[in-house]
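Visitor: First the structure, then my questions, so here it is.
The values are calculated or read from the model by the stated rules, or taken from the named source; none is laboratory data. Keep in mind the model is a prediction, meaning the values are calculated, not measured. Virtual Cβ from ideal backbone geometry, glycine too; neighbours counted across all protein chains shown.
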Amino acid sequence: MKPTGPNNLVFKISILLLSLVLPASGFSQENGDESARLNAFFEKSFEAHINRNPEFQSRLGIKKDYGKWTDRSDAFATEALATTVFELATLRNEFDFDKLDQQTRLSYLLFEYRAEREIRGYQWRFYNYPVNQMHGLQSEAPAFLINIHRIENLSDAEAYISRLRGMGPLIDQLIENLEIRREKGIVPPKFVFPLVIGASRNLITGPPFDKSLNNSSLWEDFNVKIEALKGVNTARKNTLLKNTRMALLEAVGPAYGRLIDYLTGLETIATEDDGVWKFPDGDAFYENALRRTTTTNLKAEEIHQIGLAEVARIHREMREIMKVVGFKGDLAAFLNFMRTDSRFFYPETEEGKQAYLDKATSILDEMKMHLDEFFVTTPKAGLVVKAVEAFREKSAGKAFYSRPAMDGSRPGTYYANLMLMANMPTYQMEALAFHEGVPGHHLQIAIAQEAAGIPEFRRHTRYTAFSEGWGLYSEYFPLEYGYYEDPYSNFGRLAMEIWRAARLVVDTGIHFKKWTRQEAIDFLIENTPNPEGDCINAINRYIVMPSQATAYKIGMLKILELRAWSKEKLGDKFDIREYHEVILTGGPMPLSMLEKQVQKWVESKL
């Protein structure tokens, strides 16, 4: 029998009330095969989710509500909760777990897990910073228009202009949400404000907002896309450009002006207390955040100690590389050498940046040629390497990945932040490309999106420990198959790994142990080869994204643990390609469920 869910009284009452007031689901017990009925329910649920989220539609390549933004109001969040509670009640009340096939049983458990996670997290919905230097709406909205909103016809162009007009109400919703958080005592740390205010000003700098030499980002983007639009006469293009210019001046400019004014006022009450312990019930929030991020029940102190142990282990491996390259001096001197010697960096020029992008592309192209050696299934979606756009490079992270469109109209993208080439050493290029591209995020996400025989929600649900754990594992396993021939490149891999191990220490240090921002920065400087600026940016990230940074190492350790266990059980029957197939083709999942899938695979092999 399927075990029951949480015993929380409020949770049960919510389900009871919603089951009485919301309409019937239409999935009665008389509708035929249980697995087919449940999969139909999953598809109906996913379709409803898409219909509520215009931006998600666009990311999937769907143009249904192409001129709209997703609602960010608290009323919308409460409606989404009601839907989730009702769907969970429907799942449990109208479907018999014991009558499902194995794949649909897994879907049942994953749907249930996700619903419980969202219901549990609702009370913490204001415990974040919707404006921050990493992924705040002030940068995400324009980046969405530039990178996601394609213009292939006149209708697409009109939808772009509609979204520009809609940025006024969108920013007003953002300000309203910031004010709710201010009233609750949840205000970003002081260091955030110059970064986000600067990024906001950057967006409305340049024509048509002023007479600067270079066009503003959105004006330039629309001009480029309209210029490339075929089958539209010059007069019609000029009308579109005129309407876009008016939308930028009448909607976007004033909206960002209001946001800048609000943030300038909010900055006056911001403090330098950086950890979430400062929030009301901050410790309980952080415990839930760690549980959500790692998909485990590990406590903050346990995660902290795992991080310290991993840092010590990786230091020992770095010392071995020091011997190989003949370095004279201690580890601290070697780390300083690696972060400062000019041989490891491309020049701070446009040519240097292009050379970085070209080299990263060649690393990925080489790996693509050998994917069949490690994987049964490989993705169809394409992959490109791009530099982070200028308007957000100052606040963006070192590198990140954007998933492809479901219909193949947009490839997956590995973004490298080339604002400062001193932050992008060449010895890390292999590991970074493997992580963001193949066999890392692009391969994992594209395989999930293209997987046959699983419901849509499983293709798109995110479990950070799974995806980032796979990304970090993807940096490691090529070492076992002849990659990282250059010892400095292998050091780069270790540098990336110790960066993730140190995250366990500093994230829990900041948010649980009440470390200051400077204490956390100092730990990274002392224990990693990354330059000071890199360490500062990283700590800024961990402060505004509590717990997220713990996912990488916890996920990687679980994937390695399961692999080692499988090898021990299977002996000569172990096949790395089959193991990777089990990990990837079921879509993202919590680590506890991943462990059960691996156990079932091993049992079937035996």
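Visitor: Considering only region 484-496, state which residues are in contact (Cβ under 8 Å) with a residue 60 or more places away in the chain and in contact with an Asp or Glu (Cβ under 7 Å, 6 or more places away or on another chain).
Guide: Hits for region 484-496 are 489, 492, 493, 494, 496.
Visitor: Taking region 161-212 as the region of interest, how many residues are in a loop (DSSP other than H, G, I, E, B) and among the charged types (D, E, K, R)?
Guide: Going through region 161-212 one residue at a time, the tally reaches 4.
Visitor: Something else: Just to be sure, is residue 542 surrounded by 16 or more Cβ atoms within 10 Å (Cβ to Cβ), touching a residue at least 40 places away in the same chain (Cβ under 8 Å) and of a type in the set (Ser, Thr, Tyr)?
Guide: For residue 542, the condition - surrounded by 16 or more Cβ atoms within 10 Å (Cβ to Cβ), touching a residue at least 40 places away in the same chain (Cβ under 8 Å) and of a type in the set (Ser, Thr, Tyr) - is not met.
Visitor: Strands (runs of 3 or more DSSP E) wholly in region 345-448 with at least 1 residues that are closer than 22 Å to residue 58 by Cα and among the β-branched types (Val, Ile, Thr) - which ones?
Guide: Here the list reads 383-387, 412-416.
Visitor: Given 247, 199, 255, which one is under 22 Å from residue 165 (Cα atoms), in contact (Cβ under 8 Å) with a residue 60 or more places away in the chain, touching a Ser or Thr at 6+ places or on another chain (Cβ under 7 Å) and of a type in the set (Gly, Ala, Ser)?
Guide: That would be 199, the only listed residue that is under 22 Å from residue 165 (Cα atoms), in contact (Cβ under 8 Å) with a residue 60 or more places away in the chain, touching a Ser or Thr at 6+ places or on another chain (Cβ under 7 Å) and of a type in the set (Gly, Ala, Ser).
Visitor: Residue 500: within 22 Å of residue 396 (Cβ to Cβ), free of Cβ contacts under 8 Å to residues at least 60 places away in the same chain and not in a loop (DSSP other than H, G, I, E, B), yes or no?
Guide: In short, yes.
Visitor: Pull up region 359-412, narrow it to residues that are under 22 Å from residue 452 (Cβ atoms) and hydroxyl-bearing (Ser, Thr, Tyr), then point me to the one that is surrounded by the fewest Cβ atoms within 10 Å (Cβ to Cβ).
Guide: The qualifying residue surrounded by the fewest Cβ atoms within 10 Å (Cβ to Cβ) is 409.
Visitor: Identify the single condition in (1) farther than 22 Å from residue 410 by Cα; (2) modelled with pLDDT under 95 that residue 86 does not satisfy, given that it satisfies every other one.
Guide: So residue 86 meets the others, but not (2).
Visitor: So, in region 568-606, exactly how many residues are on the phi > 0 side of the Ramachandran plot and within 30 Å of the chain's Cα centre (by Cα)?
Guide: The total comes to 1.
Visitor: Next question, about the same structure. Please indicate, with yes or no, whether at least one residue in region 124-131 is touching a Phe, Trp or Tyr at 6+ places or on another chain (Cβ under 8 Å), part of a loop (DSSP other than H, G, I, E, B) and of a type outside the set (Gly, Ala, Ser).
Guide: Yes, region 124-131 has at least one match.
Visitor: Quick one: residue 412 ticks every box in (1) over 30 Å from residue 343 (Cα atoms); (2) in contact (Cβ under 8 Å) with a residue 40 or more places away in the chain bar one, so which box is it?
Guide: (2)
Visitor: Here is a follow-up. In the set 229, 248, 335, which member is surrounded by fewer than 19 Cβ atoms within 10 Å (Cβ to Cβ), over 25 Å from residue 558 (Cα atoms) and hydrophobic (A, V, I, L, M, F, W, C)?
Guide: Only one candidate passes the filter, namely 229.
Visitor: Could you say which residue among 59, 72 is of a type outside the set (Val, Ile, Thr) and either at pLDDT 95 or above or surrounded by fewer than 18 Cβ atoms within 10 Å (Cβ to Cβ) (or both)?
Guide: On inspection, the qualifying residue turns out to be 72.
Visitor: For region 437-478, how many residues meet the condition of being surrounded by fewer than 20 Cβ atoms within 10 Å (Cβ to Cβ), basic (Lys, Arg) and in contact with a helix residue (DSSP H, G or I) (Cβ under 7 Å, 6 or more places away or on another chain)?
Guide: 1
Visitor: List every residue pair whose Cβ atoms sit under 8 Å apart, with the two residues 6 or more apart in sequence or on different chains, where the first one lies in region 547-572 and is more than 15 Å from residue 476 (Cα to Cα) and the second, anywhere, is outside any helix (DSSP H, G or I) and at pLDDT 95 or above.
Guide: What qualifies is 566/574; 567/574.
Here is a yes/no grid of residues against (1) outside the structural domain of residue 479 (by TED's automatic domain parsing); (2) out of contact with any helix residue (DSSP H, G or I) (no Cβ under 9 Å at 6 or more places or on another chain):
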| position | (1), (2) |
| --- | --- |
| 265 | yes, yes |
| 279 | yes, no |
| 291 | no, no |
| 294 | no, no |
| 298 | no, no |
| 315 | no, no |
| 348 | no, no |
| 353 | no, no |
| 357 | no, yes |
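Visitor: Continuing with this model, one more query. For residues that are part of a helix (DSSP H, G or I) and not aliphatic (A, V, I, L, M), tally how many sit in region 143-160.
Guide: 6
Visitor: For residues in region 547-588 being among the hydroxyl-bearing types (Ser, Thr, Tyr) and over 15 Å from residue 606 (Cα atoms), which is modelled with the lowest pLDDT?
Guide: 585
Visitor: Also, quick follow-up: Out of the helices (runs of 4 or more DSSP H) lying entirely within region 517-606, which hold 2 or more residues that are among the polar types (S, T, N, Q) and closer than 30 Å to residue 104 by Cβ?
Guide: Once the helices (runs of 4 or more DSSP H) in region 517-606 are filtered for at least 2 residues that are among the polar types (S, T, N, Q) and closer than 30 Å to residue 104 by Cβ, what remains is 591-605.
Visitor: Hey, can you tell me all the residues within region 258-301 that are closer than 30 Å to residue 167 by Cα, hydroxyl-bearing (Ser, Thr, Tyr) and crowded, with 17+ Cβ neighbours inside 10 Å?
Guide: Residue satisfying the conditions is 262 alone.
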